[in-house]
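A.B. asks: The structure that follows is given in the form of structure tokens.
What follows draws every value from the coordinates through simple rules; no lab data is involved. Predicted model, so just to flag it, every value in this text is computed and none were measured. Don't worry about glycine lacking a Cβ; one is built from the backbone with ideal geometry, like all the others, and counts go over all protein chains shown.
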Amino acid sequence: MIDDPAMHAAAAQALELIQDGARVGLGSGRTASVFVRLLGARVRDGLRVTGVPASAAIETLARTERIPLVTLSESELLDITIDGADEVAPNLDLIKGHGGALVRERIIAAASKRQVILVGAEKLVQHLGERFAIPVEVIPFATGPVARAIKAAGLAPTVRMSGAGDRADVNQNGNVTFDCALPAPITDARIARTLEALLLAIPGVVDTGLFLGTADRVFVGHSDGRVDTMTRASDGT
């Protein structure tokens, strides 16, 4: 991914937002790994930052890149979180979580002053759910009742399996993930928020991959090195 011109361009653009002394949330997945490598190079050149990683893989990479790591503070917000997304709607609502770290990504985003998302142009959609199912993280004890409730809501849940395909994939939190296929893409932001509330109300659901209203900026990288910027308006659109 470091050789992907689109991701490299978007990550380089995000790097310009990192000020000396910043506390930075480090998202998960391949996009975040590109940013972490570029940030590590800047740190070795003298930039002073501390990071909070959203996944074990990003933590390992950040340590390799010699980025100082800290834990989330009770008294101080992170200055910025840099992360990726699976889908980005025109109003900057997102689907995230296909990398398996959605709960920690949510916590880091909520603990940050701002969340900036890096994607390639292929991640842009007109309506959420055009390309991806909605990940839902679930406590293993509750998988049966949760599956029943999700089906009653009109979605089709599938347990995410391990790489070998012989068992449910257990994530860093000790939970499992349902990838919930929609009957049709979500055409209205209000419907997305109603669906999010419905899913979160199911006992045993930890969180969903609907990240609604969390991003204030999206950098869209292109293969020619160009970067487009999408910004959330003051009214949330």
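A.B. asks: If I histogram all Cα-Cα distances within the chain using bins 10 Å wide from 0, what percent of pairs lands in each bin?
C.D. replies: Computed distribution, short to long bins: 8, 32, 36, 20, 4, 0.
A.B. asks: Report the relative contact order of segment 1-112, percent, no decimals, based on alpha-carbon pairs under 8 angstrom and at least 6 residues apart.
C.D. replies: 28 percent
A.B. asks: Also, I was wondering about something else. Return the equivalent ellipsoid semi-axes of segment 22-118 as a descending list in whole Å, where each equals the square root of 5 times an eigenvalue of the C-alpha gyration tensor.
C.D. replies: 21, 15, 12
A.B. asks: What FRET efficiency, computed as 1/(1 + (r/R0)^6) with R0 = 25 Å and r the Cβ-Cβ distance, is obtained for THR64 and ASP169, rounded to the nearest 0.05?
C.D. replies: 0.50
A.B. asks: Would you mind ranking GLU76, GLU59, GLU137 so that the residue whose beta carbon has the fewest other beta carbons within 10 Å leads the list?
C.D. replies: GLU76, GLU59, GLU137
A.B. asks: Would you mind working out the magnitude of the charge dipole of segment 110-237 relative to its Cα centre, with +1 at each Lys and Arg C-beta and -1 at each Asp and Glu C-beta, to the nearest 20 Debye?
C.D. replies: It works out to roughly 180 debye.
A.B. asks: Quick one: putting +1 on the C-beta of Lys and Arg, -1 on the C-beta of Asp and Glu, what dipole do you get for segment 134-207 around its Cα centre, in Debye to the nearest 20?
C.D. replies: Taking the Cα centre of segment 134-207 as origin, the dipole is about 200 debye.
A.B. asks: So what is the 222 nm mean residue ellipticity for the chain from helices alone, if each DSSP H run of at least 4 adds -39500 (n - 2.57) and you divide by all residues, rounding to the nearest 500 deg cm²/dmol?
C.D. replies: When only DSSP H runs of four or more count, the value is -8500 deg cm²/dmol.
A.B. asks: Between segment 27-96 and segment 162-219, what is the separation of their alpha carbon centroids in Å?
C.D. replies: Value for the Cα centre distance between the two parts: 21 Å.
A.B. asks: Oh, and also: Can you pull the percent of Cα pairs in segment 110-183 with separation above 16 Å?
C.D. replies: That fraction is 61 percent.
A.B. asks: At a Förster distance of 25 Å, what's the computed FRET efficiency of ILE107 paired with ASP45, Cβ-Cβ distance as r, to 0.05?
C.D. replies: 0.25
A.B. asks: With helices defined as uninterrupted DSSP H runs, which ones in the chain have an alpha carbon span along their own long axis of at least 18 Å and mean Kyte-Doolittle hydropathy of at least -1.0?
C.D. replies: Membrane-span-like by this rule: 29-44.
A.B. asks: Sorting check: for 98-106, 224-232, which peptide has the highest mean count of neighbouring beta carbons within 10 Å, and how do the rest follow?
C.D. replies: With the highest mean Cβ count within 10 Å placed first, the list reads 98-106, 224-232.
A.B. asks: State, as an integer percentage, the relative contact order of segment 134-207 based on alpha-carbon contacts under 8 Å between residues 6 or more apart.
C.D. replies: About 45 percent, as a whole number.
A.B. asks: Mind checking the dipole of the chain: about its Cα centre, +1 per Lys or Arg Cβ, -1 per Asp or Glu Cβ, Debye to the nearest 20?
C.D. replies: Once rounded to the nearest 20, the dipole reads 300 debye.
A.B. asks: How do ILE191, ILE58 line up, fewest other C-beta atoms within 10 Å first?
C.D. replies: Fewest-to-most Cβ neighbours within 10 Å comes out as ILE191, ILE58.
A.B. asks: Antiparallel as a % of all DSSP beta bridges within the chain, to the nearest 5?
C.D. replies: Once the DSSP bridges in the chain are tallied, antiparallel ones form about 55 percent.
A.B. asks: Let me have the relative contact order for the chain, percent, based on Cα pairs under 8 Å that are six or more residues apart.
C.D. replies: It rounds to 24 percent for the chain.
A.B. asks: Say the dipole of the chain comes from +1 at the beta carbon of Lys and Arg and -1 at that of Asp and Glu; which of GLY84, GLY120, PHE141 then lies farthest toward its positive end?
C.D. replies: PHE141
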